[in-house]
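First up is the structure itself, then whatever we jot down about it.
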Amino acid sequence: MIVNPHSSGGKTGELWSEIKELAHKTIGDFDFALTTGVGHATELAGSALKQGYEMIVSVGGDGTNNEVVNGFFENGELVNPEAVFAVVCSGTGSDFIKTAGIPRDFRQSVPMLAGRNYRLIDIGWMEHLDHSGKKVERYFINIASFGVGGAVDDLVNRSKKLFGGKSAFLWASFRAGLFYQNQPVELELDGKKLERKIFNLAVANGRYFGAGMMVAPMAELDDGIFEVVILGDLAIPERMKLSRLIYKGEHLNLSKVEHFRAKEVSATSSETVLLDIDGEAPGSLPARFKILPKILRLKIPG
């Protein structure tokens, strides 16, 4: 079990003793480690897999899930194709679990660790620029997006989340929604080239981002394709209308919203366009995205 004690504004650290006690009752003895900083969960997961651990449990939020999943891969391949990824949710946005059907309450998700059942799910691979301008590769399990999402992540990650994760996301989304300047991007979707001015664009494996926004209601974790949702050149009144509809997934009929499906996506821009990867802000465009179909074993009940 890889535990991010700082997730959910530090609540995970406060709850860890209860989570640990319930896990012992559920699955018996297990090993665990607490993360100490950015990237540590990836190191811990990779090391544990090389030592032969059969299941790696992410205890935290979407960012922790992302880091742990990245630890499953090395040099473009799975460290152990038979290893299982599991989630005990304790995060701010907690969006991946909504598509995966994992309960938010650890009292319900910890019992799911028992048994050996799993389902094979897709993972996204991507290449992008980090904050130093270096080209890097990484993986994502839920949604990669760029545009206002990157600006929102930056605001959320710098906030103290005193009133909880959803409130932090709502406040950051409100601020960014008022002041974000739409940006031009050049896109290629399975070879089809497009030019758009965007408010945001989601390359979706899962359905939700931003603490409950159902940006891609048609997305499935195991269908071998991305749902690409473009929120176009929205003016402020259109952004306000979007914010009322997107939590229910009722935004796709808006005039400046487009939906495509693609296995490979690339994006460039003449401006600095920030990325949002599973709720984290790792860098900017240009970026390439590719679906890896049914490659990861996700723990399910039984």
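The values are calculated or read from the model by the stated rules, or taken from the named source; none is laboratory data. The structure displayed is predicted, hence computed values, not measured ones. Note: ideal-geometry Cβ built from the backbone for every residue, glycine included; neighbour counts use all protein chains shown.
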All positions within segment 229-242 that are crowded, with 23+ Cβ neighbours inside 10 Å and in contact with an Asp or Glu (Cβ under 9 Å, 6 or more places away or on another chain): VAL229, LEU231
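Among the residues of segment 248-259, is any assigned to a loop (DSSP other than H, G, I, E, B), buried (at least 23 other Cβ atoms within 10 Å of the Cβ) and touching a helix residue (DSSP H, G or I) at 6+ places or on another chain (Cβ under 9 Å)?
Here is the first cut: in segment 248-259, the residues assigned to a loop (DSSP other than H, G, I, E, B) are 249-256.
Right, trim to buried (at least 23 other Cβ atoms within 10 Å of the Cβ) and you get none.
No; the residues of segment 248-259 include none that is assigned to a loop (DSSP other than H, G, I, E, B), buried (at least 23 other Cβ atoms within 10 Å of the Cβ) and touching a helix residue (DSSP H, G or I) at 6+ places or on another chain (Cβ under 9 Å).
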Can you pull out every residue in segment 70-94 that is modelled with pLDDT of 95 or more, in a strand (DSSP E or B) and touching a helix residue (DSSP H, G or I) at 6+ places or on another chain (Cβ under 7 Å)? GLU74, PHE85, ALA86, VAL87, VAL88
Tell me, which residue of segment 243-260 that is over 16 Å from ALA204 (Cβ atoms) and of a type in the set (A, V, I, L, M) is farthest from the chain's Cα centre (by Cα)? LEU254
Just name the residue that is surrounded by the most Cβ atoms within 10 Å (Cβ to Cβ) out of those in segment 106-121 that are out of contact with any Lys or Arg (no Cβ under 6 Å at 6 or more places or on another chain) and in a strand (DSSP E or B). ILE121
Pair list, Cβ under 8 Å, 6 or more apart: segment 174-185 residue at pLDDT 75 or above, other residue of a type in the set (D, E, K, R) and in a loop (DSSP other than H, G, I, E, B): ASN182/ASP233; GLN183/GLU271; PRO184/GLU271
Just give me the residues in segment 165-223 being basic (Lys, Arg) and buried (at least 17 other Cβ atoms within 10 Å of the Cβ), in sequence order. ARG196, ARG207
Is it the case that ASN80 is in contact with a strand residue (DSSP E or B) (Cβ under 6 Å, 6 or more places away or on another chain) and on the phi < 0 side of the Ramachandran plot? no
Those residues of segment 89-105 that are surrounded by 24 or more Cβ atoms within 10 Å (Cβ to Cβ) and either within 16 Å of THR12 (Cβ to Cβ) or small (Gly, Ala, Ser) (or both) come to a total of 7
Exactly one of GLU67, GLU43, GLU137 is outside the structural domain of ALA216 (by TED's automatic domain parsing), of a type in the set (D, E, K, R) and either buried (at least 20 other Cβ atoms within 10 Å of the Cβ) or assigned to a strand (DSSP E or B) (or both), and that residue is GLU67
All positions within segment 70-85 that are over 13 Å from the mean Cα position of the chain (by Cα) and crowded, with 22+ Cβ neighbours inside 10 Å: GLY71, PHE72, PHE73, PHE85
Options GLY115, GLY124: the member that is on the phi > 0 side of the Ramachandran plot and modelled with pLDDT of 95 or more: GLY115
For segment 187-204, the count of residues that are closer than 17 Å to LEU275 by Cα and either outside the structural domain of GLY177 (by TED's automatic domain parsing) or not in a strand (DSSP E or B) (or both) equals 1
Looking at VAL265, is it within 14 Å of GLY147 (Cα to Cα), modelled with pLDDT of 95 or more and not in a loop (DSSP other than H, G, I, E, B)? no
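Tally up the residues in segment 1-31 that are part of a loop (DSSP other than H, G, I, E, B) and in contact (Cβ under 8 Å) with a residue 40 or more places away in the chain, please.
Adding up the residues that qualify gives 2.
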